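A quick write-up on the structure given underneath.
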Amino acid sequence: MTVEEKPILVRKEKNLAWILLNRPNKLNAIDSATLDLLESALVELEADEEIRCVLLKGVGDRAFSAGADTSVFLTLSVEEAKKTISEKGQRVLAKIRELSKPVIAVVNGYALGGGCELALACDFRIASEKARFSQPEINLGLVPGWGGTQLLPRLVDATRAREMILTGRMVDAGEAYNIGLVNKVVPPEKLDEEATKLAESLASGPPKSLAAAKRLLNLSLQTPLSEGLKKEAEDFSSLFATEDFREGVAASRERRKPLFKGK
(Lines give C-alpha, C1' and ligand atoms only; values in the text may rest on other atoms or scores of the structure.)
Protein backbone atom coordinates (compact mmCIF):
# COMPACT_ATOMS: atom_id res chain seq x y z
CA MET A 1 0.00 0.00 0.00
CA THR A 2 1.48 3.34 -1.05
CA VAL A 3 1.12 6.48 1.04
CA GLU A 4 -1.57 7.82 -1.29
CA GLU A 5 -3.57 4.58 -0.88
CA LYS A 6 -3.84 4.88 2.89
CA PRO A 7 -7.36 5.72 4.08
CA ILE A 8 -6.02 8.50 6.33
CA LEU A 9 -3.38 10.99 5.20
CA VAL A 10 -1.76 13.67 7.34
CA ARG A 11 -0.27 16.78 5.73
CA LYS A 12 1.61 19.30 7.88
CA GLU A 13 2.00 22.90 6.71
CA LYS A 14 4.02 24.99 9.18
CA ASN A 15 1.87 25.02 12.33
CA LEU A 16 -1.23 23.56 10.66
CA ALA A 17 -2.09 19.90 10.02
CA TRP A 18 -4.58 18.49 7.53
CA ILE A 19 -6.15 15.09 8.20
CA LEU A 20 -7.52 13.77 4.92
CA LEU A 21 -10.12 11.00 4.68
CA ASN A 22 -8.77 9.19 1.64
CA ARG A 23 -11.39 6.75 0.34
CA PRO A 24 -12.92 8.88 -2.42
CA ASN A 25 -14.16 5.85 -4.40
CA LYS A 26 -16.32 4.95 -1.39
CA LEU A 27 -17.37 8.53 -0.60
CA ASN A 28 -14.76 8.50 2.17
CA ALA A 29 -16.77 5.97 4.17
CA ILE A 30 -15.13 5.08 7.47
CA ASP A 31 -14.38 1.46 8.32
CA SER A 32 -12.66 0.05 11.40
CA ALA A 33 -9.16 0.40 9.94
CA THR A 34 -9.85 4.02 9.03
CA LEU A 35 -10.98 4.71 12.60
CA ASP A 36 -7.75 3.19 13.91
CA LEU A 37 -5.64 5.39 11.63
CA LEU A 38 -7.69 8.48 12.47
CA GLU A 39 -7.20 7.82 16.17
CA SER A 40 -3.43 7.38 15.67
CA ALA A 41 -3.25 10.64 13.71
CA LEU A 42 -5.06 12.53 16.47
CA VAL A 43 -2.72 11.12 19.13
CA GLU A 44 0.30 12.12 17.03
CA LEU A 45 -0.96 15.65 16.45
CA GLU A 46 -1.87 16.12 20.11
CA ALA A 47 1.76 15.41 20.99
CA ASP A 48 3.22 17.62 18.24
CA GLU A 49 3.87 20.98 19.92
CA GLU A 50 4.49 22.69 16.57
CA ILE A 51 0.93 22.03 15.38
CA ARG A 52 -1.52 24.69 16.55
CA CYS A 53 -4.67 23.84 14.54
CA VAL A 54 -6.03 20.77 12.72
CA LEU A 55 -8.21 20.71 9.59
CA LEU A 56 -10.25 17.62 8.67
CA LYS A 57 -11.34 17.08 5.08
CA GLY A 58 -12.45 14.36 2.67
CA VAL A 59 -10.46 13.72 -0.50
CA GLY A 60 -12.33 14.48 -3.73
CA ASP A 61 -15.29 16.75 -4.36
CA ARG A 62 -18.16 14.29 -3.85
CA ALA A 63 -18.10 13.76 -0.10
CA PHE A 64 -16.62 14.85 3.19
CA SER A 65 -17.64 11.40 4.38
CA ALA A 66 -20.60 9.10 3.83
CA GLY A 67 -20.16 7.86 7.40
CA ALA A 68 -19.62 4.34 8.68
CA ASP A 69 -18.90 1.72 6.02
CA THR A 70 -22.15 -0.28 6.01
CA SER A 71 -20.76 -3.16 3.95
CA VAL A 72 -20.03 -5.20 7.10
CA PHE A 73 -23.17 -4.34 9.06
CA LEU A 74 -25.12 -7.51 8.30
CA THR A 75 -22.22 -9.71 9.45
CA LEU A 76 -22.09 -8.29 12.97
CA SER A 77 -23.73 -9.47 16.16
CA VAL A 78 -25.30 -7.00 18.59
CA GLU A 79 -22.19 -7.04 20.80
CA GLU A 80 -19.83 -6.70 17.83
CA ALA A 81 -21.81 -3.76 16.49
CA LYS A 82 -21.59 -2.07 19.88
CA LYS A 83 -17.86 -2.60 20.36
CA THR A 84 -16.45 -2.30 16.83
CA ILE A 85 -18.71 0.40 15.44
CA SER A 86 -20.59 2.53 17.97
CA GLU A 87 -18.25 2.53 20.98
CA LYS A 88 -15.14 2.65 18.84
CA GLY A 89 -16.47 5.50 16.71
CA GLN A 90 -17.58 7.42 19.80
CA ARG A 91 -14.12 6.98 21.34
CA VAL A 92 -12.34 8.32 18.27
CA LEU A 93 -14.70 11.27 17.84
CA ALA A 94 -14.26 12.10 21.52
CA LYS A 95 -10.55 12.51 20.80
CA ILE A 96 -11.46 15.24 18.30
CA ARG A 97 -13.62 17.06 20.85
CA GLU A 98 -10.97 16.68 23.55
CA LEU A 99 -7.97 17.60 21.38
CA SER A 100 -6.21 20.55 22.98
CA LYS A 101 -6.00 22.27 19.58
CA PRO A 102 -8.91 23.66 17.53
CA VAL A 103 -10.24 21.31 14.84
CA ILE A 104 -11.99 22.57 11.70
CA ALA A 105 -14.21 20.36 9.54
CA VAL A 106 -13.77 21.37 5.89
CA VAL A 107 -16.94 20.01 4.28
CA ASN A 108 -17.43 19.59 0.55
CA GLY A 109 -20.18 17.33 -0.76
CA TYR A 110 -21.97 14.79 1.43
CA ALA A 111 -21.58 14.56 5.19
CA LEU A 112 -23.88 11.66 5.96
CA GLY A 113 -24.46 9.70 9.15
CA GLY A 114 -21.09 9.18 10.79
CA GLY A 115 -19.66 11.78 8.43
CA CYS A 116 -22.10 14.34 9.80
CA GLU A 117 -21.22 13.23 13.33
CA LEU A 118 -17.53 13.59 12.50
CA ALA A 119 -18.18 17.19 11.51
CA LEU A 120 -20.24 17.74 14.69
CA ALA A 121 -17.24 16.66 16.79
CA CYS A 122 -15.11 19.48 15.36
CA ASP A 123 -14.92 22.98 16.81
CA PHE A 124 -15.75 24.70 13.51
CA ARG A 125 -17.47 23.63 10.30
CA ILE A 126 -16.68 25.48 7.07
CA ALA A 127 -18.86 24.21 4.22
CA SER A 128 -18.85 24.65 0.49
CA GLU A 129 -22.09 25.49 -1.29
CA LYS A 130 -22.14 21.84 -2.43
CA ALA A 131 -22.20 20.47 1.12
CA ARG A 132 -25.12 18.31 2.20
CA PHE A 133 -25.77 17.04 5.74
CA SER A 134 -27.98 14.28 7.07
CA GLN A 135 -28.41 11.63 9.75
CA PRO A 136 -30.08 8.96 7.59
CA GLU A 137 -29.65 6.02 10.00
CA ILE A 138 -33.40 5.85 10.63
CA ASN A 139 -33.83 4.71 7.01
CA LEU A 140 -31.65 1.67 7.78
CA GLY A 141 -33.69 0.78 10.84
CA LEU A 142 -30.99 2.28 13.08
CA VAL A 143 -30.21 5.42 15.03
CA PRO A 144 -27.03 7.52 14.91
CA GLY A 145 -24.26 5.68 16.73
CA TRP A 146 -21.36 8.12 16.90
CA GLY A 147 -22.98 10.81 19.01
CA GLY A 148 -25.54 12.34 16.68
CA THR A 149 -28.49 12.02 19.05
CA GLN A 150 -26.52 13.83 21.75
CA LEU A 151 -24.42 16.33 19.79
CA LEU A 152 -26.89 17.59 17.18
CA PRO A 153 -29.51 18.85 19.71
CA ARG A 154 -26.71 20.70 21.50
CA LEU A 155 -25.60 22.39 18.31
CA VAL A 156 -28.89 23.26 16.60
CA ASP A 157 -32.29 23.69 18.20
CA ALA A 158 -34.13 20.59 19.40
CA THR A 159 -36.85 20.92 16.76
CA ARG A 160 -34.38 20.80 13.87
CA ALA A 161 -32.40 17.98 15.48
CA ARG A 162 -35.52 15.87 15.93
CA GLU A 163 -36.53 16.46 12.33
CA MET A 164 -33.13 15.46 10.94
CA ILE A 165 -32.78 12.36 13.12
CA LEU A 166 -36.38 11.08 13.04
CA THR A 167 -36.89 11.60 9.30
CA GLY A 168 -33.33 11.32 7.97
CA ARG A 169 -33.96 14.46 5.91
CA MET A 170 -30.96 16.01 4.17
CA VAL A 171 -30.22 19.72 4.54
CA ASP A 172 -28.20 21.76 2.10
CA ALA A 173 -25.40 24.15 2.97
CA GLY A 174 -27.64 27.20 3.15
CA GLU A 175 -30.08 25.59 5.56
CA ALA A 176 -27.19 24.16 7.56
CA TYR A 177 -25.88 27.67 8.05
CA ASN A 178 -29.31 29.06 8.96
CA ILE A 179 -29.85 26.48 11.71
CA GLY A 180 -26.34 26.89 13.13
CA LEU A 181 -24.95 23.59 11.91
CA VAL A 182 -22.06 25.27 10.07
CA ASN A 183 -20.10 28.44 10.74
CA LYS A 184 -19.66 29.60 7.16
CA VAL A 185 -20.62 28.66 3.59
CA VAL A 186 -18.31 29.52 0.70
CA PRO A 187 -18.00 28.66 -3.02
CA PRO A 188 -16.28 25.27 -3.53
CA GLU A 189 -13.21 26.88 -5.11
CA LYS A 190 -12.75 29.05 -2.01
CA LEU A 191 -13.22 26.29 0.57
CA ASP A 192 -9.59 25.46 1.35
CA GLU A 193 -8.60 29.12 1.28
CA GLU A 194 -11.28 30.18 3.77
CA ALA A 195 -10.64 27.21 6.05
CA THR A 196 -6.91 27.96 6.01
CA LYS A 197 -7.53 31.60 6.92
CA LEU A 198 -9.52 30.54 9.96
CA ALA A 199 -6.92 27.93 10.89
CA GLU A 200 -4.08 30.45 10.65
CA SER A 201 -6.00 32.88 12.82
CA LEU A 202 -6.58 30.21 15.46
CA ALA A 203 -2.97 29.00 15.21
CA SER A 204 -1.75 32.50 16.05
CA GLY A 205 -3.68 32.43 19.33
CA PRO A 206 -2.43 31.38 22.78
CA PRO A 207 -2.38 27.55 22.85
CA LYS A 208 -2.90 27.16 26.60
CA SER A 209 -5.88 29.52 26.56
CA LEU A 210 -7.41 27.80 23.53
CA ALA A 211 -7.01 24.40 25.20
CA ALA A 212 -8.62 25.68 28.40
CA ALA A 213 -11.48 27.26 26.46
CA LYS A 214 -12.16 23.96 24.67
CA ARG A 215 -12.19 22.07 27.97
CA LEU A 216 -14.60 24.54 29.53
CA LEU A 217 -16.92 24.57 26.53
CA ASN A 218 -17.05 20.77 26.57
CA LEU A 219 -17.63 20.83 30.32
CA SER A 220 -20.59 23.18 29.89
CA LEU A 221 -22.46 20.41 28.08
CA GLN A 222 -22.16 17.88 30.87
CA THR A 223 -21.96 19.59 34.25
CA PRO A 224 -24.14 21.84 36.42
CA LEU A 225 -23.59 25.57 36.05
CA SER A 226 -22.08 25.93 39.52
CA GLU A 227 -19.41 23.32 38.81
CA GLY A 228 -18.64 24.80 35.40
CA LEU A 229 -18.21 28.28 36.88
CA LYS A 230 -15.88 26.92 39.55
CA LYS A 231 -13.70 25.28 36.93
CA GLU A 232 -13.78 28.43 34.80
CA ALA A 233 -12.45 30.49 37.72
CA GLU A 234 -9.66 27.95 38.25
CA ASP A 235 -8.59 27.94 34.61
CA PHE A 236 -8.88 31.72 34.30
CA SER A 237 -6.59 32.33 37.25
CA SER A 238 -4.12 29.57 36.32
CA LEU A 239 -3.43 31.31 33.01
CA PHE A 240 -2.02 34.30 34.92
CA ALA A 241 1.10 32.15 35.40
CA THR A 242 1.75 31.83 31.65
CA GLU A 243 4.14 33.83 29.51
CA ASP A 244 1.42 34.15 26.88
CA PHE A 245 -0.77 36.04 29.34
CA ARG A 246 1.98 38.57 29.95
CA GLU A 247 2.64 38.84 26.22
CA GLY A 248 -1.07 39.38 25.53
CA VAL A 249 -1.34 42.18 28.08
CA ALA A 250 1.88 43.81 26.86
CA ALA A 251 0.77 43.65 23.24
CA SER A 252 -2.58 45.18 24.11
CA ARG A 253 -0.93 48.08 25.92
CA GLU A 254 1.57 48.58 23.11
CA ARG A 255 -1.12 48.29 20.45
CA ARG A 256 0.65 45.53 18.53
CA LYS A 257 -0.16 41.97 17.54
CA PRO A 258 0.82 39.50 20.27
CA LEU A 259 3.29 36.71 19.58
CA PHE A 260 2.10 33.72 21.55
CA LYS A 261 4.58 30.88 22.16
CA GLY A 262 2.47 28.42 24.11
CA LYS A 263 4.35 29.01 27.36
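The values are calculated or read from the model by the stated rules, or taken from the named source; none is laboratory data. Just so it is clear, the model here is predicted, and its values are computed rather than measured. In this analysis, Cβ positions are derived from the backbone assuming ideal geometry, glycine residues included, and neighbour counts consider all displayed protein chains. Areas reflect the complete protein model, heavy atoms only, side chains present, ligands, DNA and RNA absent. Shrake-Rupley method; radii C 1.70, N 1.55, O 1.52, S 1.80 Å.
Key figures for this structure:
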quantity: Exclusive hit being over 30 Å from residue 14 (Cβ atoms), out of contact with any strand residue (DSSP E or B) (no Cβ under 8 Å at 6 or more places or on another chain) and modelled with pLDDT under 95, set 261, 230; calculated: 230
quantity: Tally of residues being in contact with a Gly (Cβ under 6 Å, 6 or more places away or on another chain) and over 18 Å from residue 64 (Cα atoms) across the stretch 128-145; calculated: 2
quantity: Any chance residue 19 is open to solvent by less than 30 Å² (accessible area, probe 1.4 Å), farther than 20 Å from residue 102 by Cα and aliphatic (A, V, I, L, M); calculated: no
quantity: Flag for residue 94 being buried (at least 20 other Cβ atoms within 10 Å of the Cβ) and either small (Gly, Ala, Ser) or in a loop (DSSP other than H, G, I, E, B) (or both); calculated: no
quantity: Residue check for residue 48: open to solvent by less than 40 Å² (accessible area, probe 1.4 Å), of a type in the set (D, E, K, R) and modelled with pLDDT of 95 or more; calculated: yes
quantity: Every residue from the stretch 223-263 that is small (Gly, Ala, Ser) and over 25 Å from residue 49 (Cα atoms); calculated: 226, 228, 233, 252
quantity: Unmet criterion (only one of (1) touching a helix residue (DSSP H, G or I) at 6+ places or on another chain (Cβ under 6 Å); (2) of a type outside the set (A, V, I, L, M, F, W, C); (3) under 25 Å from residue 18 (Cβ atoms)) for residue 201; calculated: (1)
quantity: Unmet criterion (only one of (1) free of Cβ contacts under 8 Å to residues at least 40 places away in the same chain; (2) out of contact with any Ser or Thr (no Cβ under 8 Å at 6 or more places or on another chain); (3) not β-branched (Val, Ile, Thr)) for residue 76; calculated: (2)
quantity: Leading residue by the ranking (surrounded by the most Cβ atoms within 10 Å (Cβ to Cβ)) among those in the stretch 211-263 that are touching a helix residue (DSSP H, G or I) at 6+ places or on another chain (Cβ under 7 Å) and hydrophobic (A, V, I, L, M, F, W, C); calculated: 260
